[in-house]
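The values are calculated or read from the model by the stated rules, or taken from the named source; none is laboratory data. Quick caveat: nothing in here was measured; it's all calculated off a predicted structure. Cβ placement follows ideal geometry from the backbone for every residue including glycine, while neighbour counts extend to all protein chains displayed. Quick note on the areas: whole protein, heavy atoms, side chains included, nothing else; ligands and nucleic acids left out. Shrake-Rupley method; radii C 1.70, N 1.55, O 1.52, S 1.80 Å.
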Amino acid sequence: KIDGLSLALRYEKGQLVSAATRGDGETGENVTANARTIDNVPETLKGDHWPDVLEVRGEVYIGKADFLRLNTDQEEKGAKVFANPRNAAAGSLRQLDTKITASRPLKFFAYAWGDISNVPATSQMAMVNLFKEWGFDVNPLMGAFGETQGALERYRLIEEQRASLDYDIDGVVYKVDRLDWQERLGMVSRAPRWAIAHKFPAEKAITIIHDIDIQVG
């Protein structure tokens, strides 16, 4: 679960035609011009075996190291610093001036799809692998497992690596891999029965209290 901003990219005949945020779940904000400035969002899909209509969904984020550099630059300019990488990514993608967006170190991970003219795979992971072939970055920690134990072991591995990753995450999402099973399981309201989030415990740290200021009122 990358802690960023959801983005949907629509391609027609291999060309990027529009980009939108998730918004309220039905209507998103048009950020096409800004999305085109993100280095790893392809304008044209690689190869020639993609659906005529393809909506790729994923997460826009700013890496931790890039975030620190961005805030340092903001301080030097006397501008407002960002509270966290997610706010920085969201604010950057929604800029009215595309030059500002282009100057920000935004990145994109692809992990799902929406509107599609035909689904050229039979499983979630097979689709993710196609995303890579078409020119998208996908998270290297994703994997497919034949049993629950393997998925839980990957969860624990990611939890151990959490602090060293260059992006913020707050858990993992388990998905049924077979697409025909996803279709059979269906949806409840706007939530799929075939996917569930497994959050990490809140991060803990040790600090020292130097003083306590008692106030009345």
State, to one decimal in nm, how far the label point of residue 178 lies from the label point of residue 44, with both points 7 Å from Cα in the Cβ direction. 4.0 nm
Full extension between residue 69 and residue 1 adds, at 0.36 nm per residue less the Cα distance, a length in nm of 22.1 nm
Would you work out what percent of the accessible area of the chain, with all protein chains in place, is carbon or sulfur (probe 1.4 Å)? 51 percent
Hey, how much of the P(r) for the range 1-117 falls beyond 23 Å, as a percent of Cα pairs? 30 percent
A student applying the Cα gyration tensor rule (rounded when a/c is under 1.5; otherwise prolate if a/b is larger than b/c, oblate if not) would label the chain oblate
Give me the accessible area per residue for the chain, probe 1.4 Å, as a whole number in Å². 62 Å²
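Which shape class, rounded, prolate or oblate, goes with the range 102-185 when its Cα gyration tensor gives a ≥ b ≥ c as root eigenvalues, a/c under 1.5 marks rounded, and past that a/b bigger than b/c marks prolate?
oblate
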Tell me, what is the 1.4 Å probe accessible area of residue 181, in Å² to the nearest 10? 110 Å²
Please tell me the relative contact order of the chain in percent, rounded to the nearest whole number, where contacts are Cα pairs under 8 Å and at least six residues apart. 21 percent
Hey, what do the phi angles of the range 3-13 turn into as Karplus ³J(HN,Hα) couplings, whole Hz, using 6.51/-1.76/1.60 and θ = phi - 60°, x for Gly and Pro? 8, x, 10, 5, 9, 10, 10, 9, 10, 10, 6
Quick one: among 58, 23, 91, which has the greatest mean-square fluctuation in a GNM of the chain with alpha-carbon springs under 10 angstrom? 23
Could you state the angle between the C-alpha long axis of helix 64-77 and the longest principal axis of the C-alpha atoms of the chain, as a value from 0 to 90 degrees rounded to the nearest 10? 50 degrees
With a cut-off of at most 14 other beta carbons within 10 Å, and DSSP calling the residue loop, which trypsin sites (Lys or Arg not before Pro) in the range 136-217 qualify? Please list them. 190, 193, 204
Can you list the lysines whose alpha carbon is less than 28 Å from that of residue 99, not counting same-chain residues fewer than 8 positions off? 13, 46, 64, 77, 80, 107, 132
Please report the relative contact order for the range 1-62, taking Cα pairs under 8 Å with a sequence separation of at least 6, and give it as a percent rounded to a whole number. 47 percent
Per-residue HN-Hα couplings for the range 162-168 [Karplus 6.51, -1.76, 1.60; θ = phi - 60°; Hz; x = Gly/Pro]: 3, 5, 8, 5, 8, 9, 7
Relative contact order of the range 33-152, pairs being alpha-carbon contacts under 8 Å that are 6 or more residues apart, as %: 38 percent
